[in-house]
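The values are calculated or read from the model by the stated rules, or taken from the named source; none is laboratory data. No experiment lies behind these values; they were computed from the predicted model shown. Heads up, the Cβs are rebuilt from the backbone with ideal geometry, glycines too, and the neighbour counts pull from every protein chain shown. What goes into the accessible areas is simple: the full protein's heavy atoms, side chains included, and nothing from ligands, DNA or RNA. Shrake-Rupley method; radii C 1.70, N 1.55, O 1.52, S 1.80 Å.
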Amino acid sequence: MLNPRPVVQAAVIEDGRYCLVVDDFLAEPHEMVAYAVAQREAFRAAPVNCYPGIEQPLPAEFDRAMAAFFNTHLAPAFGAMQALGLSTRMSIVTLKPEELMPQQRICHRDARECAPGEGAAAAVLYLFEDARMGGTSFYRPRRHPLEIDHLLHQARHMENDAFSRVIGAAPQYYNGDVHYFEKLGSVPAKWNRAIFYDATIFHSGQIGAPELLSADPATGRLTINAFIRYR
């Protein structure tokens, strides 16, 4: 299912933090796209995690394969002993910029903090061939953590128009701003490329050409997203 002899490269995000990049991640990536196409009716909107599109969970078999891959090839880079839990889903970004809600208009982190002795990593696997649909960008807060927490609180509870006044921008996919977050860099999308990174770092999909988005898993911005807890 997964490449048994991966080549792992490191892309620096900032001093002491980096993103691991694994090209040719799946042994048969076209089979995974075919699976997504066959399951297209199972994709649903994701109101809980505010993903700007549709998604569906992957079978436990894939979760186990991802956990084994992490333990074998990536754990040392994260200072990890082994994965404690892992969940995966197939996702497709579909929303037009004007349809985005406040939480979808700024960057986010998948974990705020971890329990003592534990860590968290996240992963994205790109399964689309048109790189113009975008990779992933990483950000550093410009303001005090309490101010950032307040901004995130506002994003959860404000109406769209009020939030537009807070951040000084109309609804659009995020690309950094002069007030709250500095863009550190981007990892471009590439067919069958997976990236793994610290889940506590702020990040966002780099959606620079939203007119290309589609809900069709055969042609849209299909990804596999994973969240990993480790000891």
- Item | the chain - mean residue ellipticity at 222 nm from DSSP helices (-39,500 (n - 2.57) per run, n ≥ 4, rounded to 500) | -5500 deg cm²/dmol
- Dipole moment magnitude, nearest 20 debye, the chain about Cα centre, only Lys, Arg, Asp, Glu C-beta charged: 320
- residue 12-residue 37 pseudo-label distance in nm [points 7 Å out on the Cα-to-Cβ vector]: 4.2
- Using a 1.4 angstrom probe on heavy atoms only, work out the carbon and sulfur share of the accessible area of the stretch 1-157 in %. 52
- Note on the structure: Of 192, 175, 71, the most mobile residue in a GNM of the chain (C-alpha springs, cutoff 10 Å) is 71
- Task: Please work out the average accessible area per residue across the chain, using the 1.4 Å probe convention, and give it in Å².
- Result: 50
- Message: For the chain, what does the relative contact order come out to in percent, with C-alpha contacts under 8 Å and a separation of six or more?
- Response: 33
- In sequence order, what are the phi-derived ³J(HN,Hα) couplings for the stretch 222-231 according to the Karplus relation 6.51 cos²θ - 1.76 cosθ + 1.60 with θ = phi - 60°, rounded to whole Hz, with x for glycine and proline? 7, 9, 10, 10, 9, 10, 10, 9, 9, 8
- Enumerate by residue number the GluC sites (Glu not before Pro) in the stretch 1-54 meeting two conditions: DSSP loop (anything except H, G, I, E, B), and at most 10 other Cβ atoms within 10 Å of the site's Cβ. none
- Message: Quick check: from the Cα gyration tensor, does the stretch 1-112 come out rounded (a/c under 1.5), prolate or oblate?
- Response: oblate
- Item | Descending Cα extents along the principal axes, the chain, whole Å | 49, 40, 26
- Tell me, what HN-Hα J-couplings in whole Hz come from the Karplus equation 6.51 cos²θ - 1.76 cosθ + 1.60 at θ = phi - 60° for each residue of the stretch 106-121, using x for Gly and Pro? 9, 6, 8, 10, 7, 8, 7, 7, 10, 5, x, x, 10, x, 9, 10
- Item | With all protein chains modelled, accessible area of residue 1 [1.4 Å, Å²] | 110
